[in-house]
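This report refers to the structure that appears directly beneath it.
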Amino acid sequence: MSDLELLIKKVSRYVSFGQPVSSGSVINQRISDPRVPISACYMSMKLMNEQEHYYYEIWLKKEGMFAVTEAWYKETTVSRSLLYDDLTYEQLAEVYGEEDSRTVIMRMNEIIKKSENEDWHRMLGSRRV
């Protein structure tokens, strides 16, 4: 198993996977809001066009692959659609750019570090009782 596969497996223990809203409020999401047909966790975004408030968003899928959505933000609403699905990290780097893809790795490491730190504090707290 590669270092990246181990990282993905480890971060998957700490994050929640869900279906991203395809259109609706960013702040007040409803169960009835339409969804992008993937089970994923948000990782990163990259501004593609400032005038149109157009972004690429990176999602880690439950299966360990990546997805890219294109999203248009207007005030507190978003409209997004699935652009690429089931990408390996190498394919993600081709689509998203090598440097920007590294931010996904950094985010996964941050999630793991923070989650393990919280686990450690919880474990210490339970021993003090």
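No value in this document is a laboratory result; all are computed from the given coordinates. For clarity, every value in this text was computed on a predicted model and none was experimentally measured. Every residue, glycine among them, receives a Cβ derived from its backbone with ideal geometry; neighbour counts consider all protein chains shown.
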Query raised in the report: To the nearest 20 debye, what charge dipole does the range 3-127 have about its Cα centre, counting +1 at the Cβ of each Lys and Arg and -1 at the Cβ of each Asp and Glu?
Result: 740
**Report entry** Count of lysine pairs in the chain with Cα separation under 17 Å (8 or more residues apart, or interchain)
**Finding:** 9
**Report entry** Residue-span extension gain [SER2 to SER81] - 0.36 nm each, minus C-alpha spacing
**Finding:** 25.4 nm
Query - 222 nm mean residue ellipticity, helices alone, for the chain (DSSP H n ≥ 4; -39,500 (n - 2.57); rounded to 500) - result: -12500 deg cm²/dmol
Query raised in the report: Sequence-distant or interchain residues sharing an amide H contact under 5 Å with GLU63, placed H: which?
Result: none
Query raised in the report: Once you put a point 7 Å from the Cα of GLN29 and another 7 Å from the Cα of MET45, both along the Cβ direction, what distance in nm separates them?
Result: 1.2
Query raised in the report: Taking H as built 1.01 Å from N, whose amide H comes closer than 5 Å to the amide H of LEU83, not counting residues under 5 places away?
Result: VAL68, THR69, GLU70
Report summary line: Calculating semi-axes √(5λ) of the Cα gyration tensor in Å from this structure picks out, from [x] 23, 20, 11; [y] 28, 20, 13; [z] 38, 14, 10, entry [y]
Report summary line: Residues whose modelled amide H sits under 5 Å from the amide H of MET45, counting only those 5 or more places away in sequence or on another chain, are ILE58
Report summary line: the range 94-109 and the range 1-74 have their Cα centres apart by a whole-number Å value of 14
